[in-house]
Amino acid sequence: LELQCSYECAGMKSPEGVAVSRDGGLVGVADYDGNRLWVFRRGGPLLWQREIGLGHGVAFGLDSVYVTSLLDKSVSQFSLDGSVIRRVGGKGWGSSGFLWPTSVFVDDRGVIVSDAHTGKITLLKHDLSEIKSFGGNGPAMGLFNMPYCTIRFQNKYWICDTLKQRILLFTPDTGIEQQFSAAPPDSTASNTDAPAIVRWGYTDISHPVNGVPPQFPKGLVFPDYGGFMQMDPVSGVLRKLNIQVDDSSIWSPKMYTYFTWMRPVKRGDVTLLAI
């Protein structure tokens, strides 16, 4: 390996993401602590830079460059000359919201954003309008734990499931096809977990298990990121319900839902779940 070129400029502090344009002529750098997107001529000078709060992921499209902001929880699209085209996102769990959009990937089909803190993989059109999302963080094999990066190849998705220390080959319609990790071989077996389905304000990310682990007492409900988990000992399903929040939600107005405790409360003949 031989060093071919390097890029240094005043103000660059901690480059988190790097990408090359399709024609190979431009290099984009997302700078976390420098709060910038830097675009260089490959092997040459700085062309332009734009302010991006806690920049992290960067990718080039056919005629634009996309960058994620962990400060604004957003994805921005710039023309190749540095003009702002659009910006989408904002702090939130539900549709068009992000908590920690760590990576962005672009191909001829559209844009993919990985959100490490929600575990959501969001599919967008090139104009950043949302198509759908799938996934979620959780303890089951079919769920993720901080998916920091996703790419698409031959209509399948390769997901870097960071804190579960594995790389996943994933198909949204069927779930995990294959898993690669340094874990023992029997933990790399494929499975057919269904993707998340949004209905009635909840994201139902349920996972069938073989037998009910003894550490899950009957009827146990425990809090989780943005929702709660429950083990159903009859069906053997570990169920996760994520609350879809927005600015008018009674659950979390203008805030991210982070459940830390729960307790059943009796009010007459009605049992409420205090959260």
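The residues ASP161, ASP107, ASP23, sorted by heavy-atom accessible surface at 1.4 Å with ligands and nucleic acids left out, run ASP23, ASP107, ASP161 from largest to smallest.
A Förster radius of 35 Å combined with the Cβ-Cβ distance from LEU3 to TRP158 puts the calculated FRET efficiency at roughly 0.80. In this calculation the C-beta distance from ALA10 to SER129 is compared with R0 = 35 Å, giving a FRET efficiency of 0.40. Let me make sure I get this right: for the stretch 65-153, a, b and c are the square roots of the gyration tensor eigenvalues over alpha carbons, sorted descending. Under 1.5 in a/c it's rounded, otherwise prolate if a/b > b/c, else oblate. Which is it? Verdict is prolate for the stretch 65-153.
Computed 3J(HN,Hα) for the stretch 42-58, one whole-Hz value per residue from the Karplus formula 6.51 cos²θ - 1.76 cosθ + 1.60 where θ = phi - 60°, is 4, x, x, x, 5, 8, 6, 9, 9, 6, 9, x, 6, x, 9, x, 8, glycine and proline marked x. A cut-off under 13 angstrom between Cβ atoms defines the neighbours of ARG36, and their net charge, with Lys, Arg +1 and Asp, Glu -1, is -2.
Step through the table entries LYS120/LYS266; LYS132/LYS164; LYS91/LYS156; LYS73/LYS266; LYS13/LYS156; LYS73/LYS125, compare each Cα-Cα distance with 30 Å, and write down the pairs that go over it. In this structure, LYS120/LYS266; LYS73/LYS266; LYS13/LYS156 exceed 30 Å between Cα atoms.
Taking amide H as placed 1.01 Å from N in the peptide plane, the amide H of LEU47 sits under 5 Å from that of VAL39, PHE40, ARG41, each at least 5 places away or on another chain. When each of the peptides 1-12, 40-51 is scored by the mean number of other C-beta atoms lying within 10 Å of its residues, the order from highest to lowest reads 40-51, 1-12. Residues whose amide H comes within less than 5 Å of that of THR118, counting only those at least five positions distant or on another chain, are LEU99, TRP100 (H built at 1.01 Å from N in the peptide plane). Computed in the context of the full set of protein chains, the accessible area of the stretch 7-76 at 1.4 Å probe radius has 47% of its extent on carbon or sulfur. Close amide H contacts of SER103 (hydrogens built in the peptide plane, cut-off under 5 Å, sequence separation of 5 or more or a different chain): SER114.
Within the assembled protein chains, the solvent-accessible surface assigned to ILE151 is about 70 Å², based on a 1.4 Å probe.
Converting phi to 3J(HN,Hα) with the Karplus coefficients 6.51, -1.76 and 1.60 and the offset θ = phi - 60°, the stretch 166-172 yields 8, 10, 10, 9, 10, 10, x Hz in sequence order, with x at every glycine or proline. Could you please report the charge total around VAL84, scoring K, R as +1 and D, E as -1 over all other residues with beta-carbon less than 15 angstrom from its beta-carbon? Taking every Cβ under 15 Å from that of VAL84, the sum is -1. Residue separation of LYS266 and ASN145 scaled by 0.36 nm, minus their Cα-Cα distance, works out to 40.1 nm of gained length. Please find the FRET efficiency linking SER95 to ARG22, where r is the Cβ-Cβ separation and R0 is fixed at 30 Å, and quote it to the nearest 0.05. Given R0 = 30 Å and the Cβ-Cβ separation, E is 0.50.
The values are calculated or read from the model by the stated rules, or taken from the named source; none is laboratory data. Please read all numbers here as calculations on a predicted model, not as lab measurements. Positions of Cβ are generated from backbone atoms using ideal geometry, with glycine treated the same way; all protein chains shown enter the neighbour counts. Please note that ligands, DNA and RNA were not included when accessible areas were found on the heavy atoms of the full protein model with its side chains. Shrake-Rupley method; radii C 1.70, N 1.55, O 1.52, S 1.80 Å.
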